[in-house]
Structure formats: C-alpha cells, structure tokens
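**Q** Quick one: structure below, then a few questions.
The values are calculated or read from the model by the stated rules, or taken from the named source; none is laboratory data. Quick caveat, the model's predicted, so the values are computed rather than measured. Please note: Cβ atoms are built from the backbone with ideal geometry, for glycine as well, and neighbour counts cover all protein chains shown.
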Amino acid sequence: MYYMIKTALEVKEPLTYIFKNTESKEYKRIFLTPAEWITLQQLEKVFSVLVQPTVRLQSEYYTSTNKALLFVYSIFNKLEAFITEFEAKAIKEPELVSLFNVIIINTVLSLLLIFINLLIG
C-alpha cells in the first residue's frame with residue numbers, strides 16, 4: 001500500500017497535466033480531488049513509519065522479541081506524534097486533516113498494543 005501511494009504522489013504532476021488537458025469524462029470523474037491528494041500525503045507519512053521497521057525485521061535471520069519490541073515502541077511513539085500533529089492541524093485547518101487518518105492511526109496503535117501484550121504476556 002505504501003509504495004502505491006508513494007508512486008501516485010510522485011506522478012501527481014503528470015496526472016494533473018493529463019487531467020487538465022483531457023476530454024475524457026471518465027478520467028475527470030475518477031481523478032482525485034485536492035482533499036484526496038492531501039489525504040494521500042498524510043497516509044504516506046503514516047505508512048512510511050511502518051515500512052522501515054517491517055523491512056528491517058524481515059531482513060533478520062533470527063528476530064528476537066527484544067528487537068521486535070524496540071521497533072514496535074518506535075512505531076508507537078511516531079504514530080502518537082502524528083496524532084498530536086494531526087489534531088493540532090485539525091484545529092487550525094480542519095479541511096486539510098482527514099478524520100479518517102486519525103482513525104487509522106488510532107487503529108494501528110490499538111493493534112500495536114495488542115501485539116505488545118501478546119509478546120509480553
């Protein structure tokens with residue numbers, strides 16, 4: 001998911017150029033709105049937090065619980081920081097911050113807490 005979003009954001013300008021110069025009603029109908037592009041940018045930030053630790057853990061031949069907990073703790077702290085950032089932005093510019101993203105982050109945090117409890121307990 002992360003790499004699809006990242007690629008879409010990288011080709012935003014060419015896609016926008018096509019949108020402005022095409023007569024295709026279907027393309028214009030499915031093209032992302034500015035709010036949806038902002039949501040994609042926010043989601044890319046959230047998913048980027050998950051990608052690096054996942055790749056690093058997958059590259060380990062033997063993954064210890066301690067190392068996994070270290071990565072989970074790091075992810076947890078970064079996602080909590082994103083929640084604080086999104087809530088602050090929502091007060092200043094509510095149209096730029098999607099409630100959907102806050103819900104996603106809270107869901108991921110809940111899943112991480114469950115994972116931590118499974119590892120510890």
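**Q** Which ranges mark the helices (runs of 4 or more DSSP H) fully within segment 6-121 that have 2 or more residues being modelled with pLDDT under 85 and either touching a His at 6+ places or on another chain (Cβ under 6 Å) or of a type outside the set (Asp, Glu) (or both)?
**A** Once the helices (runs of 4 or more DSSP H) in segment 6-121 are filtered for at least 2 residues that are modelled with pLDDT under 85 and either touching a His at 6+ places or on another chain (Cβ under 6 Å) or of a type outside the set (Asp, Glu) (or both), what remains is 34-58, 65-92, 99-120.
**Q** While we're on this one: List the residue pairs whose Cβ atoms are under 8 Å apart, where the first residue sits in segment 1-22 and is of a type in the set (Lys, Arg), the second is in a helix (DSSP H, G or I) and surrounded by 14 or more Cβ atoms within 10 Å (Cβ to Cβ), and the two are 6 or more positions apart or on different chains.
**A** Pairs that qualify, where the first residue is of a type in the set (Lys, Arg) and the partner is in a helix (DSSP H, G or I) and surrounded by 14 or more Cβ atoms within 10 Å (Cβ to Cβ), are 6/44; 12/37.
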